[in-house]
Each structure stands twice: as structure tokens, then as C-alpha cells.
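Worksheet for the structure shown next.
We did not get these values from a lab; they are worked out from the coordinates using the rules stated. What you see is a predicted model; the values in this text were computed from it and never measured. As a convention, Cβ positions derive from the backbone with ideal geometry for all residues, glycine included, and neighbour counts pool all protein chains shown.
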Amino acid sequence: MIRSLAPFLLLVAAACASPQEACIADQTGELEILDTLIARDQATLARGYAIEERTEYRRALSLCTGFGRGFGDVGIGTSTCVRPEPRTRVVPVAVNLDEVRARLATLQEKRSDLAREVELGVAGCRAAYPDA
């Protein structure tokens, strides 16, 4: 859920930011994503297994409102009903640690290349919007 809100929150933050801050945020977005992926893989290696979020739906009793018919009457009322209720749980997952190490090495290499590009982009933002 939080991951799906991240782009929206970045847009809201960019709308409140100065032009220089918005430009810098635009330049550093991919680097932040890579940092998140690197941290996830480092944590997986430290634990020895991955963690996966799974959403399960269970039946839950709740109050429902709406139109109802009973004995010739039509009206608005409440009743009990069963609805699906989502529950998210964390599950340990076995992974190939050699693959995780290889992926981590690739991500770290890509991050070092991207960091140079981001540094140039941030410098360009500061030059284009000096008053921040």
C-alpha cells in the first residue's frame, strides 16, 4: 500500500517545493529507488531469507446498511452481513543467496554510475534555479 502511494506523495511534495527543489527531486528519484532496492537485498543477505508481504482475505461479520424488503415493506435499515476483510502478513521466503549477491553487486555498480549522472543533474538544477 505504501509503495502505491509513493508516486502520489512525490507529486504532492514537488507541488509544495521550490523550482530548484522540484528539479533536484526529479533528478534524484531513480537513485532513491536504487538505494531502496540495495537496502532490501542487504537485509535479505543479513537475514539469510527474504520477506514477502501477502494479503489474505478473511470473512468478517459487519453491519451493512441499505434498502430492504420485508413482509411487504420497503425501507432503509441495517443488518449484519459477511464481508471480505483484507489482512496483510509478513512471510519468510527462501531465496538463492548467490542470486541475491549477484543482483546486489549489479545494483551497486549501477548506483555508482547513476550517482555521477545525478550529481551533474543536481548541479544543473542549482545553476538553472539559483534562488532556493
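Observations on the structure shown:
- Distance in nm between pseudo-label sites at ASN96 and ARG111 (7 Å out along the Cβ direction from Cα): 2.3 nm
- Distance (nanometres) between label positions extended 7 Å along Cα→Cβ at ARG87 and VAL122: 4.4 nm
- Two-site FRET efficiency, GLU21 against GLU53, from Cβ-Cβ distance with R₀ of 30 Å, rounded to 0.05: 0.40
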